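Asks: Mind having a look at this structure? Questions to follow.
The values are calculated or read from the model by the stated rules, or taken from the named source; none is laboratory data. None of these values were measured; they are calculated from a predicted model. Because the Cβ atoms are built from the backbone with ideal geometry, glycine has one as well, and the counts that use them run over all protein chains shown.
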């Protein structure tokens, strides 16, 4: 395919809505202490923000002459990859761990991806995917540690900047909240904040306990590898974080924090009631910050965040590795 025929990133993504939180139907509305906006990346065609970075990466690989794309995934990166590959008219092979739900495997196959299941965690599937790219013409799509990914993810910050500016809000947000698995979204958001001149905005990086490789690495002072992923938020299941993401936390551009699986699921349930949309617990990790205001209050009390009413943007990263039945089962399991 000639480079002039390759679609641009704008052909692969949509400008997602920026909506107010709490919703008008939420019991939180009357006395909520902060100004909050939700960036609904769950409405992307691939059902998550990953199409931004993965899509940009696939475009760059095709421009470099790659004839067959390869990625590893817990599900969402694969869905983004196959969506981009189909738009680029390029074959793709997706490597998945055994923990990936069957309905995601089938969905990828239905979209013409070649699917190979290897290993009980994403890291194992990723190693096999890297080996497959030794074949000539094959191009590896990394999950979170590459400038092309961050460039794609940064586009959402530009959209947020445009939308707030159109509404007459010229101030930068005090806080932007993201969920962290490997850290690609965090890296892209930090890059985007710099590009739009919002370098004073702090990024709050949320993980669930049991998938908290970034938080554990920050405490250790270097990138550690978790012995296993015990959280139900499998989309956050990277045993080690992006070194770049860890550097952002160490240097103070981002704050690392964790919540329980129960808190993440509770946020998913409340979001479903408020906005009539289903999201993964990985996304619930970020939303838990605004549903449980004590998280921000404790950070303000400790001096990590400024006092008073904050302007907050939460990236609702979405995800397809969930369905109504699972959400109901988790509700019962956590007695919510």
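Asks: Just name the residue that is surrounded by the most Cβ atoms within 10 Å (Cβ to Cβ) out of those in the range 318-336 that are assigned to a loop (DSSP other than H, G, I, E, B) and in contact with a strand residue (DSSP E or B) (Cβ under 8 Å, 6 or more places away or on another chain).
Replies: Residues of the range 318-336 assigned to a loop (DSSP other than H, G, I, E, B): 319-323, 334-336.
Pick out the ones that are also in contact with a strand residue (DSSP E or B) (Cβ under 8 Å, 6 or more places away or on another chain) and you get 319-320.
On the way: 319: 30, 320: 23.
Here the answer is 319.
Asks: On to the next question. Please state which of the following conditions residue 157 fails to meet, knowing it meets all the rest: (1) under 21 Å from residue 37 (Cα atoms); (2) in contact (Cβ under 8 Å) with a residue 60 or more places away in the chain; (3) buried (at least 18 other Cβ atoms within 10 Å of the Cβ).
Replies: Looking at each condition in turn, residue 157 falls short on (2).
Asks: Return the total of residues in the range 138-149 being at pLDDT 90 or above and not in a strand (DSSP E or B).
Replies: First, pick out the residues of the range 138-149 that are at pLDDT 90 or above: 138-141, 146-149.
Still in the running and not in a strand (DSSP E or B): 146-149.
Looking only at that region, the number is 4.
Asks: Can you find even one residue in the range 158-178 that is assigned to a loop (DSSP other than H, G, I, E, B), at pLDDT 90 or above and outside the structural domain of residue 9 (by TED's automatic domain parsing)?
Replies: No, the range 158-178 contains no residue that is assigned to a loop (DSSP other than H, G, I, E, B), at pLDDT 90 or above and outside the structural domain of residue 9 (by TED's automatic domain parsing).
Asks: Moving on. With respect to residue 240, determine if the residue is touching a helix residue (DSSP H, G or I) at 6+ places or on another chain (Cβ under 8 Å), surrounded by fewer than 19 Cβ atoms within 10 Å (Cβ to Cβ) and either assigned by TED's automatic domain parsing to the domain that holds residue 38 or more than 18 Å from residue 43 (Cβ to Cβ) (or both).
Replies: Answer is yes for this residue.
Asks: Further question: Confirm whether residue 306 is under 17 Å from the mean Cα position of the chain (by Cα), farther than 26 Å from residue 330 by Cα and surrounded by fewer than 17 Cβ atoms within 10 Å (Cβ to Cβ).
Replies: no
Asks: What residue, of 98, 93, is farther than 24 Å from residue 5 by Cα, free of Cβ contacts under 8 Å to residues at least 60 places away in the same chain and either buried (at least 22 other Cβ atoms within 10 Å of the Cβ) or not assigned by TED's automatic domain parsing to the domain that holds residue 314 (or both)?
Replies: 98
Asks: Also: Which one of these is touching a strand residue (DSSP E or B) at 6+ places or on another chain (Cβ under 8 Å), buried (at least 21 other Cβ atoms within 10 Å of the Cβ) and either outside the structural domain of residue 43 (by TED's automatic domain parsing) or in a strand (DSSP E or B) (or both): 279, 255, 315?
Replies: 315
Asks: Shifting gears a bit: May I ask you to say which residue of 12, 79 is assigned by TED's automatic domain parsing to the domain that holds residue 309, touching a residue at least 60 places away in the same chain (Cβ under 8 Å) and surrounded by 14 or more Cβ atoms within 10 Å (Cβ to Cβ)?
Replies: It is 12.
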